[in-house]
Amino acid sequence: MIIEWSLNGRPLRSEVSPFRRLLDYLRSDLKLLGAKEGCREGKCGACTVWIDGQVANACLKLMGQIDGKEVTTIEGLNEKERFTPLQEAFLTCSAIECGFCIPGMIMTGTALLHQDPNPGRLEIREALKGHLCACTGYQKMLDAIEGVALPPASEGQARMRIRR
């Protein structure tokens, strides 16, 4: 089947089985390794991507379901090879240990910030409930998202402030 879709802002035309998982196609065929294979059940969040701007688990999506859709991966978030403010905040807050869950957390955190530029701690926790991390204990990740979420004090000041 020919699938016409967009990946990270670029149109694609892929000949692929409509029953092939999006995650397998991204990782094996396109060599985009940001989305990880975790639980295979949509419960760990390691494979999080956006489909038409909505958070989705790539392990649960079939290629036939993305025909005509826009897919964004963690690789598509970076502009000009620079980290996004949320990626910088994860580094600043030491929210990264093994790194396995981080792309999914960043995708979900960024989507949350697009929907609500100033979410509270409870909203951040709710958004991350579909993600599992065995290393960090989540607090530093919450701090990173919360730090980016704070509105700028003025036009000339940096958007990110980290609470300790």
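Some values worked out for this structure:
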item: T72 being touching a Gly at 6+ places or on another chain (Cβ under 9 Å) and surrounded by 19 or more Cβ atoms within 10 Å (Cβ to Cβ); result: yes
item: Matching residues in the range 14-29 - criterion: being exposed (fewer than 14 other Cβ atoms within 10 Å of the Cβ) and either touching a helix residue (DSSP H, G or I) at 6+ places or on another chain (Cβ under 9 Å) or not acidic (D, E) (or both); result: S17, P18, F19, S28
item: Scan of the range 38-53 for residues that are open to solvent by less than 10 Å² (accessible area, probe 1.4 Å) and in a loop (DSSP other than H, G, I, E, B), ordered by number; result: G45, A46, C47
item: Residue pairs meeting the criteria (Cβ under 6 Å; at least 6 apart or on separate chains; first surrounded by 16 or more Cβ atoms within 10 Å (Cβ to Cβ), in the range 119-139; second among the hydroxyl-bearing types (S, T, Y)); result: A127/T108
item: Some residue of the range 15-28 being of a type in the set (A, V, I, L, M) and under 16 Å from G68 (Cβ atoms); result: yes
item: Evaluation of C98 against (1) surrounded by 19 or more Cβ atoms within 10 Å (Cβ to Cβ); (2) in a loop (DSSP other than H, G, I, E, B) (one fails), failing number; result: (1)
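The values are calculated or read from the model by the stated rules, or taken from the named source; none is laboratory data. Since we're looking at a predicted model, the values are computed, not measured. Heads up, the Cβs are rebuilt from the backbone with ideal geometry, glycines too, and the neighbour counts pull from every protein chain shown. Heads up: the accessible areas ignore ligands, DNA and RNA and are worked out on the full protein's heavy atoms, side chains in. Shrake-Rupley method; radii C 1.70, N 1.55, O 1.52, S 1.80 Å.
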